[in-house]
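Take a look at the structure below.
The values are calculated or read from the model by the stated rules, or taken from the named source; none is laboratory data. Please read these numbers as outputs of a predicted model, since none were measured by experiment. Note: ideal-geometry Cβ built from the backbone for every residue, glycine included; neighbour counts use all protein chains shown. Areas reflect the complete protein model, heavy atoms only, side chains present, ligands, DNA and RNA absent. Shrake-Rupley method; radii C 1.70, N 1.55, O 1.52, S 1.80 Å.
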Amino acid sequence: MAHRTEALFRDDAYLKTADATVVAINERGGIILDRTIFYATSGGQPGDTGHLERADGSRIAIAATITGETKDEIVHVPAAEQAMPVVGETVKLTIDWERRHLLMRMHAACHLLTVVCPFPITGASVSEDDSRVDFDIPDASFTREEVTAGMMDLVRADHPIFTRLISDEELAANPGLVKSKNVRPPVGTGKIRLVCIGENGAVDSQPCGGTHVKSTGEIGEIHIGKIEKKGRENRRFRIRFGPMPAN
Ligand SMILES: [Zn+2]
């Protein structure tokens, strides 16, 4: 039977530690808790790493976080040769915050890119130092300088980033919210999480389950590293941190 893990990062992406209780160890040795601050790999954002601290102070290193039998079951995958906790045990969770914060900045940067390039998204992947978003773009006249300048305008404006829940009906009435060509947000649960940028979402709103920084200013300086042609109408944009290197 799949467990339902309370995903604390959905309401507060800035939680670095929390206490939780072990509810199960799955057949592959994955640790399932009643609640967690560890984001599980999905939507192009990699899962968190970190550790669980036991009552005696010893630590269980967590090498990856993934979803289990259902999307609501979050599995903490221990590194090799870790001691295993027992069901019912209370542990203190700590995520690798430096890495997570880079991912939150990068993930938010991907949203900004979709504002500057308002085209159907065919794929995306976030990592600590390089992210990519693939678009269907009929017209390939974009330059990395222009796109970088557009993204940096949004960063400097320091727009708020927040989440809001909408109903399936609201989403159905606003099909333009969905920018992804292949991935549809899950409907039927009654609530869809929108990630909004700007006052009342004036800059952008789109369904997303990932973790983001709380304002565009917190993303910091970014640039488009490369625009690659992946097909006649497909372009892959790579986002990197820091100023654009001089050619
Ligand atoms: Zn997102």
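Residue pairs, Cβ under 7 Å, 6 or more apart or interchain, first in the stretch 11-25 and within 14 Å of THR94 (Cβ to Cβ), second assigned to a strand (DSSP E or B) and among the aliphatic types (A, V, I, L, M). List them.
Correct list of pairs: LYS16/ILE95; THR17/LEU93; ALA18/LEU93; ALA20/LEU33; ALA20/VAL91; ALA20/LEU93.
Answer with yes or no whether GLU98 is more than 16 Å from the ligand (Cβ to nearest atom), within 30 Å of MET244 (Cα to Cα) and either in a helix (DSSP H, G or I) or touching a residue at least 60 places away in the same chain (Cβ under 8 Å) (or both). Lay out the reasoning, then the answer.
On the way: more than 16 Å from the ligand (Cβ to nearest atom): yes; within 30 Å of MET244 (Cα to Cα): yes; either in a helix (DSSP H, G or I) or touching a residue at least 60 places away in the same chain (Cβ under 8 Å) (or both): yes.
So GLU98 fits the description; yes.
If you take the residues of the stretch 101-122 that are closer than 17 Å to ILE239 by Cα and touching a Lys or Arg at 6+ places or on another chain (Cβ under 6 Å), which of them is farthest from the ligand (Cβ to nearest atom)?
Quick first cut of the stretch 101-122, residues closer than 17 Å to ILE239 by Cα only: 101-119, 121-122.
Imposing the further condition that a residue be touching a Lys or Arg at 6+ places or on another chain (Cβ under 6 Å) reduces the set to 114, 121-122.
On the way: THR114: 9, ILE121: 11, THR122: 16 Å.
Filtering the stretch 101-122 for residues that are closer than 17 Å to ILE239 by Cα and touching a Lys or Arg at 6+ places or on another chain (Cβ under 6 Å), the one farthest from the ligand (Cβ to nearest atom) comes out as THR122.
Quick one: how many residues across the stretch 215-226 are of a type outside the set (S, T, N, Q), open to solvent by less than 30 Å² (accessible area, probe 1.4 Å), more than 13 Å from the ligand (Cβ to nearest atom) and not in a loop (DSSP other than H, G, I, E, B)?
First, pick out the residues of the stretch 215-226 that are of a type outside the set (S, T, N, Q): 217-226.
Okay, now just the ones that are also open to solvent by less than 30 Å² (accessible area, probe 1.4 Å), so 219-220, 222-225.
Still in the running and more than 13 Å from the ligand (Cβ to nearest atom): 220, 222-225.
Subset that is not in a loop (DSSP other than H, G, I, E, B): 222-225.
Within the stretch 215-226, residues that are of a type outside the set (S, T, N, Q), open to solvent by less than 30 Å² (accessible area, probe 1.4 Å), more than 13 Å from the ligand (Cβ to nearest atom) and not in a loop (DSSP other than H, G, I, E, B) number 4.
Just to be sure before I move on: is ASP130 touching a Lys or Arg at 6+ places or on another chain (Cβ under 9 Å), more than 14 Å from THR216 (Cα to Cα) and open to solvent by 30 Å² or more (accessible area, probe 1.4 Å) in the structure I sent? I'd like the intermediate steps shown before the answer.
Details: touching a Lys or Arg at 6+ places or on another chain (Cβ under 9 Å): yes; more than 14 Å from THR216 (Cα to Cα): yes; open to solvent by 30 Å² or more (accessible area, probe 1.4 Å): yes.
Criteria met by ASP130.
Scan the stretch 72-95 for residues that are without any contact (Cβ under 8 Å) to a residue 60 or more places away in the chain and of a type outside the set (A, V, I, L, M, F, W, C) and jot them down. Spell out the reasoning first.
Quick first cut of the stretch 72-95, residues without any contact (Cβ under 8 Å) to a residue 60 or more places away in the chain only: 75-84.
Across the stretch 72-95, the qualifying residues are HIS76, PRO78, GLU81, GLN82.
Just to be sure, is VAL77 within 16 Å of the ligand (Cβ to nearest atom), modelled with pLDDT of 95 or more and open to solvent by 20 Å² or more (accessible area, probe 1.4 Å)? Before you say what the answer is, go through the steps one by one.
On the way: within 16 Å of the ligand (Cβ to nearest atom): no; modelled with pLDDT of 95 or more: yes; open to solvent by 20 Å² or more (accessible area, probe 1.4 Å): yes.
No.
Looking at PRO243, PRO186, which one is at pLDDT 90 or above, surrounded by fewer than 15 Cβ atoms within 10 Å (Cβ to Cβ) and in a loop (DSSP other than H, G, I, E, B)?
Details: PRO186 fails: at pLDDT 90 or above.
The conditions single out PRO243.
ASP204 - would you say it is open to solvent by less than 50 Å² (accessible area, probe 1.4 Å), in contact with a strand residue (DSSP E or B) (Cβ under 6 Å, 6 or more places away or on another chain) and modelled with pLDDT of 95 or more? Quick ask: steps written out before the conclusion?
Working: open to solvent by less than 50 Å² (accessible area, probe 1.4 Å): yes; in contact with a strand residue (DSSP E or B) (Cβ under 6 Å, 6 or more places away or on another chain): yes; modelled with pLDDT of 95 or more: yes.
Here the answer is yes, as ASP204 does meet what is asked.
Cβ contacts < 6 Å: first residue farther than 20 Å from MET106 by Cβ, restricted to the stretch 39-67; second residue of a type in the set (Gly, Ala, Ser), any location; separation 6+ or different chain. Result?
Within 6 Å, the pairs are HIS51/ALA61; ALA61/ALA79; ILE62/GLY50; ALA63/ALA79; THR67/ALA40.
Name the one entry in SER125, SER141 that is within 15 Å of the ligand (Cβ to nearest atom) and either open to solvent by less than 50 Å² (accessible area, probe 1.4 Å) or over 19 Å from ASP48 (Cβ atoms) (or both).
Details: SER141 fails: within 15 Å of the ligand (Cβ to nearest atom).
One residue alone meets the criteria, SER125.
Out of the residues in the stretch 28-72 that are at pLDDT below 95 and open to solvent by 40 Å² or more (accessible area, probe 1.4 Å), which is nearest to the chain's Cα centre (by Cα)?
Ranking the qualifying residues of the stretch 28-72, first place goes to GLY43.
For every residue, the table says whether it meets (1) surrounded by fewer than 15 Cβ atoms within 10 Å (Cβ to Cβ); (2) within 21 Å of the chain's Cα centre (by Cα); (3) in a loop (DSSP other than H, G, I, E, B).
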{"site": "ASP158", "(1), (2), (3)": "yes, yes, yes"}
{"site": "ARG164", "(1), (2), (3)": "yes, yes, no"}
{"site": "GLU169", "(1), (2), (3)": "yes, no, no"}
{"site": "ALA172", "(1), (2), (3)": "yes, no, no"}
{"site": "VAL213", "(1), (2), (3)": "no, yes, yes"}
{"site": "GLU228", "(1), (2), (3)": "yes, no, no"}
{"site": "PHE237", "(1), (2), (3)": "no, yes, no"}
